[in-house]
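Chemist: Pasting a structure below so you can have a look.
The values are calculated or read from the model by the stated rules, or taken from the named source; none is laboratory data. Since we're looking at a predicted model, the values are computed, not measured. Positions of Cβ are generated from backbone atoms using ideal geometry, with glycine treated the same way; all protein chains shown enter the neighbour counts.
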Amino acid sequence: MPITGIYGPDDFANRPQGKPVPIRVAPARTGPPLPMPSLEWTPEVERATAPLYDRVKHVIPPIEWPLMAPTIKAINELKRARGAVILAHNYQSPEIFHCVADIGGDSLQLAVEATKVKADIIVQCGVHFMAETSKLLNPDKTVLIPDTRAGCSLAASITGADVRLLREKFPGVPVVAYVNTSAEVKAEVDICCTSSNAVQVVESLNAPTVIFLPDRYLATYVASKTDVKIVAWKGACEVHERFTGAELRAYREADPSVQIIAHPECPPDVLGEADFTGSTAHMINWVRAKRPRRLVMITECSMADNVRAELPDVEILRPCNICPHMKRITLANILESLLTLREEVTIDPALAPRARRSVERMINLKN
Ligand code: SF4
C-alpha cells in the first residue's frame, strides 16, 4: 500500500536547529608512525601482485596496474604486521574490494561479519555509518576510517531530535532506522534494518503502523511489499535518486533483451522498469544465478566493476552514478591509516548502548 505519511525538517515548527552529529574520532596516538614502505614498481612487486591482478584484469587496464600494485602490496604487508582486517563495501573500487579487502559485502554482511572479527584493528573501507556500526559491534577494537569526510546523504538527512519529534507525533508507533544513519539516530529507534532485510524487520514488529526512516524511496518500496502502514522521512540517497525511468526505457528500447536490476533506494518509476529489485548482495546473487548476456545495473558504478571482475562474460552497460563519499576511500589513505592508526572512530558512551541494541536486534532476528 502507499506510504501513509511523509515528514521532513520543515514539517516541525518546534524543530531545534542543529545538524547531524559528526563522526567522532579519537585524538591522534602518540609515538612515531611506522615508516613509509617503498612504493616502487619493481619485478618483485610485479611477481608478488600477479595473482591479485588476475582478479581485476577485466576492469583495470594493464597500464594502470604499476601505479596501484606497490601500494596494494604495502597495504597487505602492513595489514598482517598490524594484525588488522579490512572490511570493504560493495561500492568500493575494484583495487580495494578485490585486492586488499578481507571481507566485502553489503551493509548487512559487513555488520554481521564485524561481529566475528578476531583482529584487534578494523579498517573500514566505506562511509561513516558503516565505521560506527563496526565500532558499536566491536567496542573493544580499534576501528579506523581512512577519510573522515566519507559521509552519506541519507545519514545527513536526519538527527536524533527529528526522531524524538516523530515519536511525539506518533506516540507508541515503533521506529525502524535504515543502517544508513548516525549512531545518534540509531540510539533513538527501536531497531535497524538494511535494504536486504527491511520488509522482514518491519513485519517483525507486529505493529499496524511503523515509522521507517530516513530513505523515502526505500520506505515506498517496503510499503509496496507489506500490509503494515508506513510513515516515512524525506531523506534520499544522492546516488540512487538521480536515476530516471525514462533513462531505463531508452536502454530497453535499444536492446529489448537487456536485463535491468535496481537498488530499492531508487525512485518508484525506476523500480517500475526493473526486472529485479534488491540490495547490493541480492543483486550480486541474482547476476551469479541468472548470468544475463547484457545487464543494466542501477546502482553505484564500482559495484558494476566488482561484479564484472568476477563475471567477465556478463556485459554490464553503464548508466551508473558514482558515490562521492565512497570514493573518498583510496589505496593511499588506507595505507596512511594503517601506518598512523588514524582516524580512530569512537562513539559517545551516552549513546553507544542504545545504538548497539538497535543494530543487535536486527542481527539477532531469525531469518
Ligand atoms: S551510495 Fe547513497 S546511501 Fe550509499 S553511502 Fe553513498 S550517498 Fe549514502
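Chemist: Just checking, which of Pro256, Pro264, Pro268 is without any contact (Cβ under 8 Å) to a residue 24 or more places away in the chain, not assigned by TED's automatic domain parsing to the domain that holds Ser196 and not acidic (Asp, Glu)? Before you say what the answer is, go through the steps one by one.
Modeler: On the way: Pro264 fails: without any contact (Cβ under 8 Å) to a residue 24 or more places away in the chain; Pro268 fails: without any contact (Cβ under 8 Å) to a residue 24 or more places away in the chain.
Result: Pro256 is the single residue among Pro256, Pro264, Pro268 that is without any contact (Cβ under 8 Å) to a residue 24 or more places away in the chain, not assigned by TED's automatic domain parsing to the domain that holds Ser196 and not acidic (Asp, Glu).
Chemist: Let me ask another. Name the single residue, out of those in segment 198-223 being touching a helix residue (DSSP H, G or I) at 6+ places or on another chain (Cβ under 8 Å) and away from the ligand (no atom under 16 Å from the Cβ), that is farthest from Leu165 (Cα to Cα).
Modeler: Filtering first and then ranking leaves Val199.
Chemist: Do any helices (runs of 4 or more DSSP H) entirely within segment 1-119 hold 1 or more residues that are β-branched (Val, Ile, Thr) and closer than 27 Å to Thr148 by Cα, and if so, which?
Modeler: 65-82, 94-97, 107-114
Chemist: Which of the residues belonging to segment 144-162 are away from the ligand (no atom under 16 Å from the Cβ) and part of a helix (DSSP H, G or I)?
Modeler: Gly160, Ala161, Asp162
Chemist: Ok, one more. Determine whether segment 248-259 contains at least one residue that is closer than 16 Å to Ser224 by Cβ and touching a helix residue (DSSP H, G or I) at 6+ places or on another chain (Cβ under 8 Å). Walk me through how you get there before you give the answer.
Modeler: If we filter segment 248-259 for residues that are closer than 16 Å to Ser224 by Cβ, which is where we start, we get none.
No.
Chemist: Could you identify the single residue in Thr4, Thr71, Thr49 that is closer than 30 Å to Lys169 by Cβ, at pLDDT 90 or above and not small (Gly, Ala, Ser)?
Modeler: Thr4
Chemist: Further, regarding this structure: So which residues in segment 1-41 are surrounded by 14 or more Cβ atoms within 10 Å (Cβ to Cβ), among the basic types (Lys, Arg) and over 16 Å from Trp233 (Cβ atoms)?
Modeler: Arg24
Chemist: Taking only segment 1-57 into account, find how many residues are aliphatic (A, V, I, L, M), farther than 30 Å from Glu343 by Cα and touching a strand residue (DSSP E or B) at 6+ places or on another chain (Cβ under 8 Å).
Modeler: First pass over segment 1-57, keeping only residues aliphatic (A, V, I, L, M): 1, 3, 6, 13, 21, 23, 25-26, 28, 34, 36, 39, 45, 48, 50, 52, 56.
In the following step, the residues that additionally are farther than 30 Å from Glu343 by Cα were identified as 1, 3, 6, 13, 50.
Filter again for touching a strand residue (DSSP E or B) at 6+ places or on another chain (Cβ under 8 Å), leaving 1, 3, 6.
Counting residues in segment 1-57 that are aliphatic (A, V, I, L, M), farther than 30 Å from Glu343 by Cα and touching a strand residue (DSSP E or B) at 6+ places or on another chain (Cβ under 8 Å) gives 3.
Chemist: Cβ-Cβ distance below 7 Å, separation of 6 or more or different chains: which pairs start in segment 133-155 with a residue that is closer than 15 Å to Asp348 by Cα and assigned by TED's automatic domain parsing to the domain that holds Tyr91 and end on one that is assigned to a loop (DSSP other than H, G, I, E, B) and within 16 Å of the ligand (Cβ to nearest atom)?
Modeler: Once the first residue is closer than 15 Å to Asp348 by Cα and assigned by TED's automatic domain parsing to the domain that holds Tyr91 and sits in segment 133-155, its partners that are assigned to a loop (DSSP other than H, G, I, E, B) and within 16 Å of the ligand (Cβ to nearest atom) give Thr133/Val179.
Chemist: Continuing with the same structure: Show the residue pairs that are 6+ apart or on different chains and have beta-carbon atoms under 7 Å apart, the first residue being within segment 310-324 and more than 14 Å from Asp255 (Cα to Cα) and at pLDDT 95 or above, the second being within 16 Å of the ligand (Cβ to nearest atom) and in a loop (DSSP other than H, G, I, E, B).
Modeler: Hits for this filter: Cys323/Tyr91; Cys323/Val239.
Chemist: Test Val314 against the stated conditions and say whether it is touching a Leu at 6+ places or on another chain (Cβ under 7 Å) and of a type in the set (A, V, I, L, M, F, W, C).
Modeler: Judged against the criteria, Val314 is a match.
Chemist: Test Thr115 against the stated conditions and say whether it is in contact with a Leu (Cβ under 6 Å, 6 or more places away or on another chain), surrounded by fewer than 20 Cβ atoms within 10 Å (Cβ to Cβ) and at pLDDT below 95.
Modeler: Criteria met by Thr115.
Chemist: Kindly indicate the residue of segment 178-200 that is assigned to a loop (DSSP other than H, G, I, E, B) and small (Gly, Ala, Ser) and also surrounded by the fewest Cβ atoms within 10 Å (Cβ to Cβ) among those meeting that condition.
Modeler: Ser196
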